[in-house]
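Colleague: Starting off with a structure, shown below.
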Amino acid sequence: MATTVAPVQDGELTAQIHDDLAQVGLIPAEHAVDAAYISPAQIERAHRVHSITLLGPVVPDHSHQAKSGAGFDKATFAIDWDHCQATCPQGAVSREWRPLHISGHNYIQVKFDKATCLACPVRPQCTKAVSGPRSLALLPTRELHEIQQRNRLDQRTEDWQRRYAIRAGIEATLSQNVRTCGLRRTRYRGLPKTHVQHVLTGLACNFTRITDWIADPAHPRRAPSHFHALCTAVT
């Protein structure tokens, strides 16, 4: 169990969770998480530091080119990291490659020649800019860029969907803790006491599930709805 103050984002805890698991010898080979806990940087660190395969949906490309399905999105450009250049689907080579900072995050901005872009016969499929050239914002390193592109492709496949389906069980666990144990409401003031509550809640959930697994109770059948009972009576 990990407890933080409310403003802390989920993704800020991914590395801490892995480090804590490492300290007690419980590192998983594969860790299935939701989109809030994963990014190319977190995938890279999990593998490099703990040899963990971090499995989850990387944020897709939200550009209009990717959403339309007919435009030239970032994946259609060939990136030459050794020469700091990008080549567009029409064969034009970029003219500018420089660092870019957006909301505290580092990127590489790639721009193409304005005259070449304006004369391009398929310009409408590439950019909506009235007079400016096409530009790309890449992750700051080759490794992070390739992780991002590879995972975006993988998560569209049936094989990836089958692997990730294992995470569906955690939603039932969260629901059980919220509905049965009141996990959303703290009974105490202060982070340390609230963390103790979370630990005890997790223990209670584990004991309940172990008891159910040992006893293997017959699950009572849910009473039929009035509509279902009416349909049965009519047939």
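The values are calculated or read from the model by the stated rules, or taken from the named source; none is laboratory data. All of these numbers come straight from a predicted model, not from anything done at the bench. Cβ: placed from backbone, ideal geometry, glycine included. Neighbour counts: every protein chain shown. These accessible areas exclude ligands, DNA and RNA; they are computed on the full protein's heavy atoms, side chains included. Shrake-Rupley method; radii C 1.70, N 1.55, O 1.52, S 1.80 Å.
Colleague: Check whether at least one residue in the stretch 56-67 is open to solvent by 50 Å² or more (accessible area, probe 1.4 Å), within 29 Å of ILE166 (Cα to Cα) and in contact with a Lys or Arg (Cβ under 7 Å, 6 or more places away or on another chain), and report yes or no.
Modeller: Within the stretch 56-67, one or more residues are open to solvent by 50 Å² or more (accessible area, probe 1.4 Å), within 29 Å of ILE166 (Cα to Cα) and in contact with a Lys or Arg (Cβ under 7 Å, 6 or more places away or on another chain).
Colleague: With THR53, THR14, THR3 as the choices, which residue is in contact with a Pro (Cβ under 9 Å, 6 or more places away or on another chain) and either closer than 28 Å to ARG189 by Cβ or open to solvent by less than 30 Å² (accessible area, probe 1.4 Å) (or both)?
Modeller: On inspection, the qualifying residue turns out to be THR3.
Colleague: Can you name every residue in the stretch 17-50 that is of a type in the set (Val, Ile, Thr) and open to solvent by 30 Å² or more (accessible area, probe 1.4 Å)?
Modeller: ILE17, VAL24, ILE27, VAL49
Colleague: What number of residues in the stretch 167-184 are of a type in the set (Gly, Ala, Ser) and open to solvent by less than 50 Å² (accessible area, probe 1.4 Å)?
Modeller: Count: 3.
Colleague: Here is a further query. If a residue has to be in contact with a helix residue (DSSP H, G or I) (Cβ under 8 Å, 6 or more places away or on another chain) and assigned to a helix (DSSP H, G or I) to count, how many in the stretch 118-152 make the cut?
Modeller: Going through the stretch 118-152 one residue at a time, the tally reaches 10.
Colleague: Mind checking which residues of the stretch 79-113 are within 20 Å of ILE147 (Cβ to Cβ) and either touching a His at 6+ places or on another chain (Cβ under 7 Å) or of a type in the set (Lys, Arg) (or both)?
Modeller: Selection gives ILE79 alone.
Colleague: If you scan the stretch 139-153, which residues turn out to be open to solvent by 50 Å² or more (accessible area, probe 1.4 Å) and under 15 Å from the mean Cα position of the chain (by Cα)?
Modeller: ARG150, LEU153, listed by residue number.
Colleague: If the requirement is being more than 23 Å from SER68 (Cβ to Cβ), outside any helix (DSSP H, G or I), open to solvent by 40 Å² or more (accessible area, probe 1.4 Å) and modelled with pLDDT under 95, which of these qualifies: ARG156, ARG187, ARG163, ARG209?
Modeller: Result: ARG187 is the single residue among ARG156, ARG187, ARG163, ARG209 that is more than 23 Å from SER68 (Cβ to Cβ), outside any helix (DSSP H, G or I), open to solvent by 40 Å² or more (accessible area, probe 1.4 Å) and modelled with pLDDT under 95.
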